[in-house]
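Q: Here it is, the structure, as structure tokens.
The values are calculated or read from the model by the stated rules, or taken from the named source; none is laboratory data. Keep in mind it's a predicted model, so treat the numbers as computed, not measured. Heavy atoms of the whole protein, side chains included, go into the accessibility calculation; ligands, DNA and RNA do not. Shrake-Rupley method; radii C 1.70, N 1.55, O 1.52, S 1.80 Å.
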Amino acid sequence: MKPLNSIQVGTLGGTLCSIFGSITMDDMIKTAVLAAVGAIVSYVVSTLLQRLRR
């Protein structure tokens, strides 16, 4: 893998700064809650499927 040149680094830095500037605390909380709900649903479904296979 070749190293990034200065234009690529500048573009990446500008993109990251614009993304971080537009993310609010509400968005982070919403993402964390949705991730937790997804993990719980995944666990429950996999547990139910294991019990059905027995």
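Q: Based on DSSP H runs of at least 4 residues, each adding -39500 (n - 2.57), what is the mean residue ellipticity at 222 nm of the chain after dividing by all its residues, to the nearest 500 deg cm²/dmol?
A: Only helices count here, giving -30000 deg cm²/dmol.
Q: Still on this structure, please answer the following. Which value, in Å³ per residue, describes the convex hull spanned by the Cα atoms of the chain? Kindly include the intermediate steps, with their values, before the conclusion.
A: Numbers: hull volume 5.6 nm³, N = 54.
Considering the Cα atoms of the chain, their hull volume per residue is 103 Å³.
Q: Could you calculate the contour length gain from Cys17 to Ala32, that is, 0.36 nm times the residue separation minus the distance between their Cα atoms, to one decimal place in nm?
A: Answer, rounded to one decimal: 3.3 nm.
Q: Here's a follow-up. How much accessible area per residue does the chain have, counting only protein heavy atoms and a probe of 1.4 Å, in square angstrom?
A: 95
Q: Could you compute how much accessible surface Ile23 exposes when probed at 1.4 Å, giving the result in Å² to the nearest 10?
A: 70
Q: Still on this structure, I have one more. Provide the per-residue ³J(HN,Hα) series for segment 10-23, in order, calculated from phi with Karplus coefficients 6.51, -1.76, 1.60 and θ = phi - 60°, each as a whole number of Hz, with x at glycine and proline positions.
A: Coupling constants for segment 10-23: x, 5, 5, x, x, 5, 5, 5, 6, 5, 5, x, 9, 8 Hz.
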